[in-house]
Amino acid sequence: MKLPIGQSDFRKIIDGNFDFVDKSLLIPEIINGAEVILFTRPRRFGKTLNMSMLRYFFTQEVDGQSTKELFYHLKVAKTGENVLQHQGKYPVIFLTFKDIKETSFEKAYEKIYKLILKIYGEFSYLQTSSLLLEHQKDFIKRILKRKADQGDLENSLQELTEYLFQHHGVKPIILIDE
């Protein structure tokens, strides 16, 4: 038995042929559920892995790699077209605050800025979108060039969701861990 101890990245578990409990039937529950869902479970219960699975299901690619093949042998693949039509159709913002455990505001602010910077880097193609206005592209550039002020950073998630909606024509999915 090959267990994915300490591993919370869905692709690594699938590609590594680890043994795991197939929780992919969570996906239809999410699709048919509420607009906002809060998972409250004890530590080590698989919340991060489940969110990673959701990320890989709803987005077309992660780190330049297609996500479609990850679900071929899972239970969700047998649920029918009403669920599978959602696979790879949404921009997904995935944030995890689990590594931000600083003792000062300044240090926490810096780590949060780096997190926002990484997320904006994933969607840097928006800088050349013909569907965004110049001031919106300028906002993205300020974030990416580390010239954003605290107010920009405070609004960065809301702005990014609006830009993604404007560019893709579908509401993005936001997954926030810890």
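Over the chain, average the accessible area per residue using a 1.4 Å probe and give it in Å², no decimals.
In whole numbers, the chain has 62 Å² accessible per residue.
When we measure straight from the Cα of K107, which lysines land under 24 angstrom away, once same-chain ones fewer than 8 places off are left out?
Qualifying lysines at Cα under 24 Å: K98, K118, K141, K145, K147.
Within segment 65-134, which trypsin sites (Lys or Arg not before Pro) sit in a loop by DSSP and count at most 15 neighbouring Cβ atoms inside 10 Å?
Those satisfying the criteria are K89, K98, K101.
Would you kindly compute the Cα radius of gyration of the chain and its largest Cα-Cα separation (Dmax), both in Å?
17.4, 54
Over the chain, what percent of the accessible surface lies on carbon and sulfur atoms, probe 1.4 Å?
That share works out to 53 percent.
Counting each DSSP H run of 4 or more residues in the chain as -39500 (n - 2.57), what helix-only mean residue ellipticity at 222 nm follows after dividing by all residues, to the nearest 500 deg cm²/dmol?
Roughly -13000 deg cm²/dmol at 222 nm, from the helical runs in the chain.
With +1 on each Lys and Arg Cβ and -1 on each Asp and Glu Cβ, how big is the dipole of the chain about its Cα centre, in debye rounded to the nearest 20?
Here the chain has a charge dipole of around 440 debye.
Given the options I5, F57, P28, identify the residue whose Cα lies farthest towards the positive end of the charge dipole of the chain (+1 on Cβ of Lys, Arg; -1 on Cβ of Asp, Glu).
I5
Which whole-number percent is the relative contact order of the chain (Cα, under 8 Å, 6+ apart)?
That works out to 22 percent.
The values are calculated or read from the model by the stated rules, or taken from the named source; none is laboratory data. All values derive from a computational prediction rather than experimental measurement. Using ideal geometry, Cβ is built from the backbone for each residue, glycine included, and neighbour counts are taken over all protein chains shown. Note: areas computed on protein heavy atoms with side chains; ligands, DNA, RNA excluded. Shrake-Rupley method; radii C 1.70, N 1.55, O 1.52, S 1.80 Å.
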